[in-house]
Amino acid sequence: VEEYLAAYRGLEAAPIDALRVEAALSLAALYYQEVKDYGAAAEWAVLAREAARADGDEYAAARADALLAASWIETPARKMTREVTAPEPHQRLVAARELLGRLEAFHARRGEPYDAALQYNNIGYALYADAAYD
């Protein structure tokens, strides 16, 4: 983690570009997948999304939003970090499903079936996590 943080900090003084976006996305993914610190993952996902939007990279912004939604699914209801507050359990999972639904539609419009299917599957996981089997 420290090496990734150092790399990102080295890019902070430069204008936002694809490298900075990828560094923030990498940190979000690292905190989510390896460290399992879902609050930090959510914080980095928000940072990555905003950087991607500033850089005009819609796909990277969608990747960041997918990590944010996944973090919401995995996180108990509480303040996640100083920047990102998770809604209450049911509302948090509803918000994750809604975000994933928007992402599914985004990828479908762009002709990205793998990415759309991944979001569809994540919606199912959010339903499972919310015990919404009907």
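Screening residue 56 against (1) at pLDDT 95 or above; (2) closer than 29 Å to residue 127 by Cα leaves a single unmet condition, (2). Scanning the stretch 12-26 for residues being of a type outside the set (S, T, N, Q) and surrounded by fewer than 18 Cβ atoms within 10 Å (Cβ to Cβ) gives a total of 7. Under the condition of being surrounded by 13 or more Cβ atoms within 10 Å (Cβ to Cβ) and not in a helix (DSSP H, G or I), which residue from the stretch 92-131 is modelled with the lowest pLDDT? By that ranking, first place goes to 130.
Confirm whether residue 53 is buried (at least 19 other Cβ atoms within 10 Å of the Cβ) and either in a helix (DSSP H, G or I) or aromatic (Phe, Trp, Tyr) (or both). So residue 53 fails the test. Among the residues making up the stretch 21-48, those that are farther than 11 Å from residue 1 by Cα and of a type in the set (Phe, Trp, Tyr) are 32, 38, 44. The test for being at pLDDT below 95 and part of a helix (DSSP H, G or I) holds for residue 10.
Give 45, 29 a once-over and let me know the one that is surrounded by 22 or more Cβ atoms within 10 Å (Cβ to Cβ), under 25 Å from residue 108 (Cα atoms) and modelled with pLDDT of 95 or more.
On inspection, the qualifying residue turns out to be 45.
The values are calculated or read from the model by the stated rules, or taken from the named source; none is laboratory data. The structure presented is a predicted model; accordingly, all values stated were derived computationally and were not measured. Positions of Cβ are backbone-derived with ideal geometry, glycine not excepted, and every protein chain shown enters the neighbour counts.
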